[in-house]
Amino acid sequence: MLRPQVLPSIYRNLHYFSAQSAKASLQLFIKEPRQPIFSQPSLERWYTAPLAPNDDDEKHRSPNTSTNQDEKIVKVFPDHHIFLRHLPSSLVPYAELMRLEKPIGTWLLIWPSYWSIAMAADSGSFPDPNLLFLFGLGAVLLRGAGCTVNDLWDRNLDRQVERTRLRPIACGAVSVPQGISFLVSQLLLGLCILVQLNQFSQILGASSLLLVGSYPLMKRITFWPQAFLGLTINWGALLGFSAVKGFCDWSIVLPLYISGACWSIFYDTIYAHQDIRDDTQVGVKSTARLFADRTLPIVSAFGVAQLGLLSWSGFNAGLNWPFYMGVAAAAAHMAWQVGTVDLRNGKDCMDKFVSNKWVGAIIFSGIVAAKLSAGEGM
């Protein structure tokens with residue numbers, strides 16, 4: 001096996017936007033712990049990593065592999081990741097870095113922008129398909145860039161958390177310099193999309209990069225990283241409207257934006273309960289840890305706030321009854337999540353989190369139906 005590499009000391013000189021961020025970042029970049037790397041370049045390869053015993057690993061172990069007290073050989077790519085199996089081997093770690101095999105994050109980024117584009121559409125008209133395509137592609141790139149930033153910041157923490165210990169940067173499949181280069185390439189591609197929008201939207205879109213870059217630090221600073229995630233991932237609620245109109249009608253987009261932020265706290269708190277034990281051990285902060293046994297009533301309150309602000313936004317946009325039917329259906333889905341989730345079951349938390357793609361789709365359908373029906377009544 002090749003010996004792990006140590007991160008060059010050039011990263012000692014990096015500077016960041018605040019004193020707290022600088023302190024956290026220097027702790028991450030000054031010293032790079034020993035890290036494992038791929039053993040062979042094929043989709044059937046196995047990561048070699050120092051792991052604690054885990055019964056769940058047994059089903060992923062090759063029948064021909066051996067283990068000892070210090071390490072296990074664990075297969076990274078489950079059989080159901082069909083998408084990864086059709087990529088060239090050299091691209092698989094980068095696809096994983098973008099989470100292309102887990103599209104839920106992209107859907108959660110897309111929906112607020114789609115809501116906003118639909119609200120800005122003319123009565124009787126379907127949302128602009130060209131903008132839907134651009135924002136969909138942009139969501140894939142921005143989500144990939146956000147995940148890359150997150151994994152660069154968190155690579156040392158990821159090695160200590162069961163669910164994230166084999167992420168590409170944490171396990172050494174992608175080096176830090178390679179990760180930074182890949183991040184830059186994604187941002188440049190995103191810029192190619194952004195420059196196709198009007199000037200107001202270009203400035204508005206570029207201003208979100210500060211949130212994208214700083215969000216991963218928040219789990220070290222505050223117990224409210226989910227709130228910062230909400231401010232970041234729902235930026236499309238502002239950008240979508242401006243891309244259509246060339247300006248923001250704040251009476252519509254501001255309650256829509258805050259509504260989306262409340263929704264993010266709702267679903268990401270449930271998501272964070274998967275890692276609550278590991279997060280406590282390594283010192284990662286989250287609303288799951290903050291709310292603890294009060295999680296369900298508190299996320300319910302955020303769900304009510306989300307739906308109330310969403311309704312307010314729709315009222316200001318002049319939407320009619322199909323929109324409110326959509327809001328009611330979304331409320332029923334969210335009530336089902338709260339009523340059935342088992343916060344002690346990581347798989348159930350993940351399943352409920354993933355189901356929020358349908359909440360976004362229901363709301364979008366209600367907005368589109370309201371716009372189309374308004375045109376019929378003219």
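Would you confirm, using the coordinates I've provided, whether Gly105 is part of a helix (DSSP H, G or I), modelled with pLDDT under 95 and out of contact with any Asp or Glu (no Cβ under 7 Å at 6 or more places or on another chain)? When the stated conditions are applied, Gly105 passes them. Asn198 meets each of the listed conditions (1) over 30 Å from Leu131 (Cβ atoms); (2) in contact (Cβ under 8 Å) with a residue 12 or more places away in the chain apart from (1).
For region 336-378, the tally of residues that are in contact with a Ser or Thr (Cβ under 8 Å, 6 or more places away or on another chain) and of a type in the set (Gly, Ala, Ser) stands at 2.
When Ser251, Ser286 are checked against the criterion of being surrounded by fewer than 24 Cβ atoms within 10 Å (Cβ to Cβ), touching a Lys or Arg at 6+ places or on another chain (Cβ under 8 Å) and either on the phi < 0 side of the Ramachandran plot or aliphatic (A, V, I, L, M) (or both), a single residue qualifies: Ser286.
The C-beta contact set for region 81-110 (first residue more than 14 Å from Leu142 (Cα to Cα) and without any contact (Cβ under 8 Å) to a residue 24 or more places away in the chain, second residue open to solvent by 70 Å² or more (accessible area, probe 1.4 Å) and of a type in the set (A, V, I, L, M), distance under 8 angstrom, 6+ apart or interchain) is empty. The requirement of being open to solvent by less than 10 Å² (accessible area, probe 1.4 Å), under 25 Å from Ser373 (Cβ atoms), touching a helix residue (DSSP H, G or I) at 6+ places or on another chain (Cβ under 8 Å) and modelled with pLDDT of 90 or more is satisfied by Ser113.
Per this entry, Leu166 is not counted among residues that are among the hydrophobic types (A, V, I, L, M, F, W, C) and over 18 Å from Leu84 (Cβ atoms). When Asn234 is tested against the conditions (1) over 20 Å from Leu217 (Cα atoms); (2) modelled with pLDDT of 95 or more, the lone failure is (1).
Got a sec? Which of Ile252, Ile221 is modelled with pLDDT under 95 and either of a type in the set (A, V, I, L, M, F, W, C) or more than 24 Å from Lys352 (Cβ to Cβ) (or both)? Write out each step before concluding.
Working: Ile252 fails: modelled with pLDDT under 95.
Of the residues listed, the single one that is modelled with pLDDT under 95 and either of a type in the set (A, V, I, L, M, F, W, C) or more than 24 Å from Lys352 (Cβ to Cβ) (or both) is Ile221.
In region 282-292, the condition of being of a type in the set (Gly, Ala, Ser) and outside any loop (DSSP other than H, G, I, E, B) is met by at least one residue. Taking each residue of region 158-186 that is in contact (Cβ under 8 Å) with a residue 12 or more places away in the chain and open to solvent by less than 10 Å² (accessible area, probe 1.4 Å) and looking for partners that are in a helix (DSSP H, G or I) and among the hydroxyl-bearing types (Ser, Thr, Tyr) with beta-carbon atoms closer than 7 Å, six or more apart or interchain, yields Val174/Tyr94; Gly179/Thr148; Gln186/Thr148. The criterion of at least 3 residues that are farther than 21 Å from Leu142 by Cβ and touching a helix residue (DSSP H, G or I) at 6+ places or on another chain (Cβ under 8 Å) is met, among helices (runs of 4 or more DSSP H) falling completely within region 160-273, by 250-272.
Among the numbered conditions (1) more than 24 Å from Ile117 (Cα to Cα); (2) at pLDDT 95 or above, the only one that Asp275 does not meet is (2). Taken together, the residues in region 84-100 that are among the charged types (D, E, K, R) and crowded, with 17+ Cβ neighbours inside 10 Å amount to 2. Among the residues of region 268-283, those that are polar (S, T, N, Q) and either touching a residue at least 40 places away in the same chain (Cβ under 8 Å) or buried (at least 18 other Cβ atoms within 10 Å of the Cβ) (or both) comprise Thr269, Gln274, Gln281. Within region 116-155, if we keep just the residues that are among the aromatic types (Phe, Trp, Tyr) and over 16 Å from Ile104 (Cα atoms), the residue that is most open to solvent (accessible area, probe 1.4 Å) turns out to be Phe133.
The values are calculated or read from the model by the stated rules, or taken from the named source; none is laboratory data. If you're wondering where the values come from, they're calculated on a predicted model, not measured in any experiment. Methodologically, a virtual Cβ is constructed for each residue, glycine included, from the backbone with ideal geometry; neighbour enumeration extends over all protein chains shown. Only protein heavy atoms, including side chains, enter the accessible area calculation; ligands, DNA and RNA are left aside. Shrake-Rupley method; radii C 1.70, N 1.55, O 1.52, S 1.80 Å.
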